[in-house]
1. What do you get for Rg/Rh over the stretch B:84-170 if you use C-alpha atoms and the Kirkwood form of Rh?
2. Less than 21 Å apart at the alpha-carbon level, and either on another chain or at least 8 residues along: which lysines does that give for B:LYS188?
3. Using only the Cα atoms of the stretch B:112-255, what are the Rg and Dmax in Å?
4. Please give the charge dipole size of the protein assembly as shown, origin at the Cα centre, charges +1 on K and R Cβ atoms and -1 on D and E Cβ atoms. Round to the nearest 20 debye.
5. Between helix B:2-28 and chain B, what is the angle of the helix's C-alpha long axis to the longest principal axis, kept within 0 to 90° and rounded to the nearest 10?
6. Can you pull the semi-axes for the stretch B:132-210, root of five times each eigenvalue of the Cα gyration tensor, sorted largest first, whole Å?
7. Sort the following peptides by mean Cβ neighbour count (other Cβ atoms within 10 Å, averaged over residues), highest first: B:139-149, B:216-226, A:101-111, B:98-108.
8. Which one, B:VAL94, B:VAL282, B:VAL306, has the greatest fluctuation when you compute a Gaussian network model over chain B with C-alpha springs under 10 angstrom?
Amino acid sequence: MTNNIKRSRLVIVASILCAGFIFNQQVLADIAIIAHPSIGIESITAKEVKSIFMAKKKKFPNGDTVIPVDQDAGKEIKSEFNKKVLGKKDSQLRSYWGRMIFAGKKKPPKAIGGDNEVKAYVASNPGSLGYIDSSKVDDSVKVLLTVK
Amino acid sequence: MLKKIVFATAIITGLALSQSAYADWADKVTITGFASSTYQKTDTGEPLYGEHAGVTKDGSWYGTRVGLNINAQINEKIIFASQLFSSREEDNYVSHLDWGFMAIQLTDELTLRTGRIKYPVGIVNEYRSVGSTYLWIAPPQLFYNAEASITRESYSGASMYWEMPGDEWLLSANLFYGDDANEGMQTKKLSGLTVNGEWNDQIMVQASWFTGKMHTSGTAPMEIAMNERNHTVITLGTRINIANFIAYLEWADVDMDDFLMGKGEALYATLGYQIGDFTPHVTYQTFEKGLDTMSPNEQNMTTMGVRYDWMPNLDVKFEVSSIETDKGAGLFEKAPGKTVTMYGVAFDVLF
């Protein structure tokens with residue numbers, strides 16, 4: 001009986017610890033790649049987004065000129081975007097843009113704030129491309145890709 | 001009363017116009033910069049040459065530098081880019097226009113540049129002053145300093161830059177022509193081609209070739225011998241950054257017609273591994289010049305270092321180098337006659 005009680009207590013403690021671990025994990029948001037509703041494409045690949053945000057391509061797949069807009073440094077979603085879409089740590093991306101800017105070759109997308117600012121800009125500017133937390137998406141923008 | 005209204009209207013209109021002009025200017029002009037504070041010390045009284053000039057056992061802040069990059073978008077097709085640069089050299093700070101050129105986008109793939117342009121030979125040469133962009137305190141000196149005669153800081157002229165991006169790869173070619181003047185020597189009819197291939201920004205391969213005619217105005221025997229000689233260089237190199245591994249490998253061959261003192265070869269290899277915010281690395285570099293002459297110059301250098309990414313836009317570097325001087329002065333004014341140890345620390349910032 002005593003052993004059963006001890007075993008039960010151990011199971012309960014272990015369950016509480018596991019539950020605490022699970023609920024303590026940060027819930028990482030899905031990233032929505034958004035464009036102005038007038039954009040003439042229905043989707044875009046992660047590779048195409050990467051090429052645009054690293055200034056290697058200046059046009060959408062349909063040939064329209066693209067204006068990428070970034071989020072401010074320090075935003076968690078920016079680090080997630082850099083890691084999941086660009087495949088780079090923040091320090092690697094800073095080094096990349098340092099090489100491009102100070103060789104006079106390219107410049108990074110303009111950073112205009114957080115989710116709300118990016119959504120407002122993309123909703124008002126045809127040709128723009130940005131990324132926001134997928135939970136912030138509404139009818140003012142068109143989602144071309146969701147990154148999990 | 002009417003005068004007050006007119007005056008107030010003029011003030012308000014002026015402010016509105018200047019606000020509008022400011023907003024327009026702020027959209028079109030971007031200003032960025034970099035700075036490095038560098039302290040190095042050897043165990044010899046003989047000073048180092050080139051970027052290390054002035055570094056002895058007394059220690060030196062030589063290499064400390066600041067740069068300001070100003071870009072202006074003139075219209076959809078034309079950009080003006082410039083960089084002002086100030087660095088400590090021996091006892092003074094020297095400021096100059098590092099580069100300043102106009103870039104005209106002729107097509108989606110082709111750009112014409114004209115002005116004072118950063119020299120496109122050497123994997124890191126176009127951003128060699130920006131410490132934050134690489135692992136070392138300074139790019140491998142047996143390859144990148146003036147003594148090796150492999151590359152140069154910039155040139156005055158024009159280039160046609162072609163770039164073809166794919167989903168995971170990028171090909172580019174830079175055809176350039178112009179001239180350069182440096183410390184009593186001019187190189188005219190400087191023409192060359194640099195081609196780059198990149199895959200997924202993880203592997204980059206570069207090959208360069210250039211030639212130019214040297215013109216010297218001095219009366220020293222060496223300068224007279226170099227005058228009117230063709231200076232030709234071939235380089236091959238690669239940069240690899242896969243997962244946490246970082247590697248560089250570059251080789252160059254230098255020829256100056258029948259001026260054997262100028263004929264040389266250089267090579268360096270770097271291997272690093274990123275562990276969190278720390279990137280330890282090791283570099284071996286070797287250089288030889290004038291081997292078939294009475295005064296050959298040869299040097300090898302091994303460096304161990306670590307870069308620490310302390311906070312966003314700020315890194316700290318520590319290095320210790322062993323410089324062999326038994327086969328020539330190399331980077332030194334005069335050969336110290338022993339293996340020299342050099343210690344260095346640097347702080348780099350981007351803004």
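1. 1.02
2. Counting by Cα, and skipping residues close in sequence, B:LYS188 has these lysines nearby: B:LYS118, B:LYS213, B:LYS263.
3. Rg, Dmax (Cα atoms, Å): 16.2, 56.
4. Its charge dipole is roughly 1740 debye.
5. 30 degrees
6. Calculated on Cα positions only, the semi-axes equal 26, 19, 9 Å.
7. Result, highest mean first: B:139-149, A:101-111, B:98-108, B:216-226.
8. B:VAL94
Bear in mind that the values in this text are calculations on the coordinates, not laboratory data. Predicted model, so just to flag it, every value in this text is computed and none were measured. All Cβ positions, glycine included, derive from the backbone under ideal geometry; neighbour counts span all protein chains shown.
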